[in-house]
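Below: one structure, written as structure tokens.
Bear in mind these aren't lab numbers, they're just calculated from the coordinates by the rules spelled out. The model shown is predicted, which means the values in this text are computed figures rather than measured ones. Glycine also receives a Cβ, built like all others from the backbone with ideal geometry; neighbour counts cover every protein chain displayed.
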């Protein structure tokens, strides 16, 4: 027993020392750790999403090393669902394991607020290459890396919520293909016709739509886009709830109404299910992240469709313009890194014109630079996709179509996800769900010290 | 039985009611408490060493503001986090959901598990292989299991609804409907964990002394009588242990709910550990998550103690 | 269902009993198949092309591909992670078995003041929600420079395996005849000697079952593995979670099923290898011999 008592004491002491240690990291040398030499290379570690960590390690790093052979880069992958807490834990250590961290669109304010990220336009500017063209970035993806007036991260994998459509099913139903001008009213009128019997056996076997409907933080992005495209924001400039009104109810109701034209069981659709339904030719449209285009229209092993069958455009328009929703992965540098120069060199290279064209052409990653978007992509199928991306970027820019730029963004999305799910399954009406969500978000923001 | 006078812990004497060897053990008990602690030491040191600080930390966080920049609790806020949590309808709902799930799933798994264990106990060549194969549902990673079941139950392409459709039923919204989502979650959990009960029950049945049956048979006891009067009473300790272990596992369940239903629709299948997990790891609300964890810890301890007394009483009754 | 199982204990070879036996065996096989159906389904999709998985109506037979196994074997670093998983699961299971069965024995057979409280405390330690443990454990491990190492993951798993082992083994020891160790101690064995030489071999069925349970729990654990490891000690469940949550390509059910199938294999092979202990209770033999 005495032993365990001593252990308790030791554990408690440990706890105290842990809190006491704020900054024991040694000073970084003036050259930012340098870029390494053949004799003593510099090593940096990157924490990324498992979905592309290995791809980066195997294809991107060797290409980078052709130019910078003395910077050794190792990329660790973390499963998406727990990447944010894992990154937060790693970032807040006195001597961080990782020099470069990646974040999804809504995480950047949370990561930045820990104080663990460098301001890329100030802290590392002395190592910024003269040819690194900040102005060439499209403002929409670049904004994903900004918070509180600073540029904490740069876009490495851009993405947008867009509308995919199956041209064959549109033709079969005798409906004109959607354009950027198609409104939600027009879309719903078409949707009725797009629920159809394609093989003439008397049973409906194709539906109009598949998208996120289940309880998931990404599900509300669909009606958030509808809301934004009507010129209404989720939170106003004073960070007060601005969706607890007719516009909010209408937006959520639009999302709920889509369910009527979706396949049976669509209320459980998350990311994979609408994708599979669309790839199988079961749904005429799909509101989905653009990055799935290659697997949906090009890769024969994963899809029954061909590039000429698949159209890509913005979401139907509201009163203020067409819709899209930003989902950009961006990367930043850990404040306590010992190798800021090498880390920034690596990041600059991936996000340079050269690096971006390489990732776009080799990995199929969507670009963030206007020069890449306006250039000619290596793959033929990519040209119309880039056009849709440009239109999407413009729509996002115009109506601020992104998740709240708050450190509490994910907590807000959780609340919206729950209430959206209640509305989808009929446990609440759209009014009740919006009202409840507004109340909970107000409560949350109040508890975090925002004046409400 | 006269043995109950030997030690105050009658439970310890509940050796199977077999024969009556000479009770010579008395003299070896001298100095036993010391040996007993020696036997307990490795487990206690491991548990105390690994758990005391985390529990202390959780308590501390639950009474503080949590600073995400340091990942440390700062400032004492008293009961504020607890007050917020107790006013949180989602948390209370998740406790209710957990209760419903436990009350249905646990007895179901216990009964099914012991019944199947008896079934698998018949002596034949394939017995060992069946028992080994029966473990598989437990081994499939929860994420994969949840996904596979989602596919099986999908109204559009799922095999289950396809089969139902052949006889004109459906399509049934197994996961989209709040009530059926709970049914599905219990179904998947039962599929996954009944094999554990089977594993333990089979081992318990195996360990039963054979001569008891011979005695029973020579007394002319029927099968049901043998089962009720001899087999089941002898299995009580194993049953109780399997139940307690399953109970503790089930209280913490969140992986299957996350993979299969995501706690939805609404909060229909949002078990409390999933709720805490999402509060902590998705919303990064570690203060409330820690208060919830503490509340759940206390409730679990109280209920575990309750179950533990019942099981000891049961062990002693037979 | 239950009543027909009784012949297992006796061996009445009457015609009716034999019929009952065949019926029971058939029922046993059918129940096992029913429980294995989702697994069979998983294996079947692991050999399918992605486009053949989500078909209406479901396709029973389609073009067979090994691509799911090949492509992600390298991509998700299956082999090193499998080795990590084996090391971690075996390490945690063995440590837990030793510490847990000793404590279980003390609780079941020894006189001890506060045994009830101690037993209760050990059980209660399992009631802490995992999310409350994982963050502080990570902070301590980082402080000690022990993140991404086997020992950290093993010790974390030991904490949740030990209470289970204590409780299961306590029950199994209780069902052993008391004369066993009494006889051993008359032969001059100490308590500890009696435990290792007599008690352990006699409760092998229970021990092997508990060991398998421990291995399985450690085998599929995700949360601790994910937070406590980075690269060198990453286990298979983390790899699986990564594939499942692929936010880029989507629809990775083929690879996921393939990796899922590969994960199940070692445990099944292990269980088949030790199945004789799952069947043959040695307690009887020992007491009779």
Helix A:184-194 sits at what angle to the longest principal axis of chain A, using alpha carbons and giving 0 to 90 degrees rounded to 10? 60
Averaged over A:58-66, number of beta-carbon atoms from partner chains that fall within 10 Å: 0
Across C:192, C:22, C:45, the residue with the highest GNM fluctuation in chain C (Cα network, 10 Å cutoff) is C:22
Using 0.36 nm per residue, how much length does the chain from residue C:187 to residue C:17 gain when fully extended, once their Cα-Cα distance is taken away? 56.8 nm
Rounded to the nearest 10, the angle in degrees between the Cα long axis of helix A:382-399 and the longest principal axis of the Cα atoms of chain A comes to 80
Using 0.36 nm times the number of residues separating residue A:201 and residue A:177, minus their current alpha carbon distance, what extension gain do you get? 6.1 nm
At a Förster radius of 41 Å, what calculated FRET efficiency corresponds to the Cβ-Cβ distance of residue A:380 and residue A:39, to the nearest 0.05? 0.35
Quote to one decimal, in nm, the extra length available between residue A:30 and residue A:58 on full extension: 0.36 nm per residue of separation minus the C-alpha distance between them. 6.9 nm
Ranked list, fewest to most other Cβ atoms within 10 Å of each Cβ, for C:214, C:202, C:189: C:189, C:202, C:214
Mean-position separation - Cα centroids, segment B:124-190 and segment A:99-169, in angstrom: 42
What residue among B:218, B:291, B:94 shows peak mean-square fluctuation when chain B is described by a Gaussian network model with Cα springs under 10 Å? B:218
Measuring from the longest principal axis of the C-alpha atoms of chain A, the long axis of helix A:246-258 (C-alpha) lies at a number of degrees, nearest 10, equal to 70
Over segment A:116-275, what is the relative contact order in whole percent, taking alpha-carbon pairs under 8 Å and six or more residues apart? 17
Chain C: relative contact order as a whole-number percent, Cα under 8 Å and 6+ apart: 28
Kindly rank C:106-116, A:221-231 from highest to lowest mean number of other beta carbons found within 10 Å of each residue. A:221-231, C:106-116
Quick note, segment B:86-317: a/c under 1.5 would make it rounded; otherwise a/b > b/c is prolate and the rest oblate (a ≥ b ≥ c, C-alpha gyration tensor); here it is oblate
Does chain C come out rounded, prolate or oblate by the C-alpha gyration tensor, with a ≥ b ≥ c the root eigenvalues, rounded set by a/c under 1.5 and, if not, prolate when a/b is larger than b/c and oblate if not? oblate
Show that you can apply the helix-only estimate: for chain B, add -39,500 (n - 2.57) for every DSSP H stretch of four or more residues, divide by all residues, and state [θ] at 222 nm to the nearest 500. -21000 deg cm²/dmol
For segment C:164-229, what relative contact order do you get, as a whole percent, if you take Cα pairs closer than 8 Å and at least 6 residues apart? 38
Hey, what number do you get for chain C at 222 nm if only DSSP H runs of n ≥ 4 count, each worth -39500 (n - 2.57), divided across all residues, to the nearest 500? -22500 deg cm²/dmol
GNM result for chain B, Cα springs below 10 Å: residue of B:196, B:39, B:243 fluctuating most strongly: B:39
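Take peptide B:239-247, look around each residue's Cβ out to 10 angstrom, count Cβ atoms belonging to other protein chains, and average those counts.
Other-chain Cβ atoms within 10 Å of each residue's Cβ, averaged: 5.
When a/c reaches 1.5 or more, the comparison of a/b and b/c decides; with that in mind, is segment C:140-253 rounded, prolate or oblate per its Cα gyration tensor?
Here segment C:140-253 falls in the prolate category.
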If each of residue C:26 and residue A:148 carries a label point 7 Å out from its Cα toward its Cβ, how far apart are those two points in nm? 7.3
